[in-house]
1. Answer yes or no as to whether LEU12 is part of a loop (DSSP other than H, G, I, E, B), in contact with a helix residue (DSSP H, G or I) (Cβ under 7 Å, 6 or more places away or on another chain) and of a type in the set (A, V, I, L, M, F, W, C).
2. Output the number of residues of the stretch 20-69 satisfying the condition of being part of a loop (DSSP other than H, G, I, E, B) and surrounded by 11 or more Cβ atoms within 10 Å (Cβ to Cβ).
3. Please tell me if LEU7 is surrounded by 17 or more Cβ atoms within 10 Å (Cβ to Cβ), in contact (Cβ under 8 Å) with a residue 40 or more places away in the chain, in contact with a strand residue (DSSP E or B) (Cβ under 6 Å, 6 or more places away or on another chain) and not in a strand (DSSP E or B).
4. Quick check on my filter: what residues within the stretch 38-86 are farther than 18 Å from LEU12 by Cβ and in contact with a strand residue (DSSP E or B) (Cβ under 8 Å, 6 or more places away or on another chain)?
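Values in this text are rule-based calculations from the coordinates and carry no lab data. It should be emphasised that the depicted structure is a prediction, and the values quoted were computed from it without experimental measurement. Cβ coordinates were reconstructed from backbone atoms using ideal geometry, including for glycine residues, and neighbour counts include every protein chain displayed.
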Amino acid sequence: MSRFDFLYRMQLPHCAVSVYIYLSDRANKDGECWPAIPTIATELKLSQSTVRRALRDLRKAGLLQTEQRYRSKGSKSSLLYKLRKG
């Protein structure tokens, strides 16, 4: 049994599955990571719009929460991704 069996049984586009596995690979023990969308796109050889669409699909499926982070002076920083299991 694979740790991603729940993911493979879901009706998700293949790009969403790829992005979830990518985030899982980079997540800490609490299931959190914060790679930039351009980084995800480059490493998975996907367009940034495809990555954004995959993230939206994962949020809709309840597998991902995102939280905008801010710098001390108030400007935007990276998104914090929190993975959940199905």
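1. yes
2. Counting residues in the stretch 20-69 that are part of a loop (DSSP other than H, G, I, E, B) and surrounded by 11 or more Cβ atoms within 10 Å (Cβ to Cβ) gives 10.
3. Taking the combined requirement at face value, the residue does not satisfy it.
4. Within the stretch 38-86, GLU67, GLN68, ARG69, TYR70, ARG71, LYS76, SER77, SER78, LEU79, LEU80 meet the criteria.
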